[in-house]
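The values are calculated or read from the model by the stated rules, or taken from the named source; none is laboratory data. Everything numeric in this text was worked out from a predicted model, so none of it was measured. These accessible areas exclude ligands, DNA and RNA; they are computed on the full protein's heavy atoms, side chains included. Shrake-Rupley method; radii C 1.70, N 1.55, O 1.52, S 1.80 Å.
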Amino acid sequence: MPLSSAFSLDQYLTTGQSQNLQIDVNSLLAGKGLSSASISSGVLTVSGFSSADFDIVGSSVTNLNYSENRETTDCNKGKCKVVTDNFHIKQFNTNYSDSIADEMKVTAGGASATGSANDENAFDTDSGKIEDIKKQTGSENGGYNRWYNQFISHYDSLGGDLVVQLSLDSLALTDLAADGILNFSVNSMLGQFNLTDVRLDFVAQDAAPPAQVPVPTSLLLTGLGLAALATVRRRKA
């Protein structure tokens with residue numbers, strides 16, 4: 001009979017840290033009228049999520065200067081004045097990176113399995129071009145000189161979902177069958193992540209019905225002979 005037991009958690013692990021955990025299936029087995037000794041196989045699945053842990057890997061400052069013509073509202077006989085606005089932008093560029101593919105190891109009994117979170121994710125943010133005006137000189141009709149600070153950040157990381165599946169070996173099955181509790185450990189081999197879910201899928205065998213003891217042929221024939229002899233005697237009497 002296939003059965004499943006699961007629970008959720010929120011445990012944060014960083015490189016070198018480990019967590020000892022248990023999953024108890026006794027209540028589930030009792031509800032099916034089974035014992036832990038009936039478990040014959042199982043697969044343990046541990047899930048987590050790796051969020052980025054960024055470090056600054058580079059920065060620079062760039063100055064941009066350009067001009068734009070603008071038509072003013074100062075119009076005479078339908079002819080409006082055209083002025084030039086000058087823009088001076090100082091860009092602060094920062095690169096953030098998390099290049100570690102976080103790795104999780106799950107151990108139960110004498111077996112272990114590992115998995116990595118290595119989904120690539122990259123994005124940019126751009127802020128401050130409008131909000132952070134450094135200074136402004138000039139006039140509407142004479143043209144403006146505008147100074148801005150702009151902050152540009154680039155983010156690049158490896159992370160995402162982290163899932164490890166482990167088939168239970170004989171030692172783990174013995175541990176589970178002994179008291180209905182599976183002991184296992186989760187270790188962060190590299191990077192950092194949050195443990196979120198544990199699931200155990202296992203198979204428990206139904207108790208076999210008691211075997212019927214066959215009647216030996218010789219005893220059966222003897223019984224038939226005695227019955228026939230009794231019938232003959234009753235007829236003679």
Extent of region 65-105 along each principal axis, from alpha carbon coordinates, in Å, largest to smallest? 80, 18, 9
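Given a 1.4 angstrom probe, I'd like the percentage of the accessible area of region 88-162 that is carbon and sulfur, rounded to a whole number.
Values: 1730 of 4040 Å².
The computed percentage sits at 43.
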Per residue, how much space in cubic angstrom lies within the convex hull of the C-alpha atoms of region 31-159? 204
P(r) over all Cα-Cα pairs of region 73-132, 5 Å bins from 0 to the longest distance, whole percent per bin, short to long, reads 4, 9, 11, 9, 8, 8, 9, 7, 7, 5, 5, 5, 4, 3, 2, 2, 2, 1, 0
How much of the calculated P(r) for region 1-85 lies past 17 Å, in percent of all Cα pairs? 74
Computed over region 44-196, protein heavy atoms only, probe 1.4 angstrom, the accessible area per residue in square angstrom equals 55
Determine the relative contact order of region 1-88: mean sequence separation of Cα pairs under 8 Å and six or more apart, normalised by residue count, in whole percent. 17
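What does the extension gain come out to for GLN165 and GLN136, with contour length at 0.36 nm per residue minus their alpha carbon separation? Intermediate values should be presented prior to the final figure.
On the way: separation 29, 0.36 × 29 = 10.44 nm, distance 6.14 nm.
Answer, rounded to one decimal: 4.3 nm.
Expected output is a single nm value to one decimal: the length gained when fully extending between ASN121 and ALA178, i.e. 0.36 nm times separation in residues minus the C-alpha distance. What is it?
Numbers: separation 57, 0.36 × 57 = 20.52 nm, distance 4.51 nm.
Going from the current span to full extension adds 16.0 nm.
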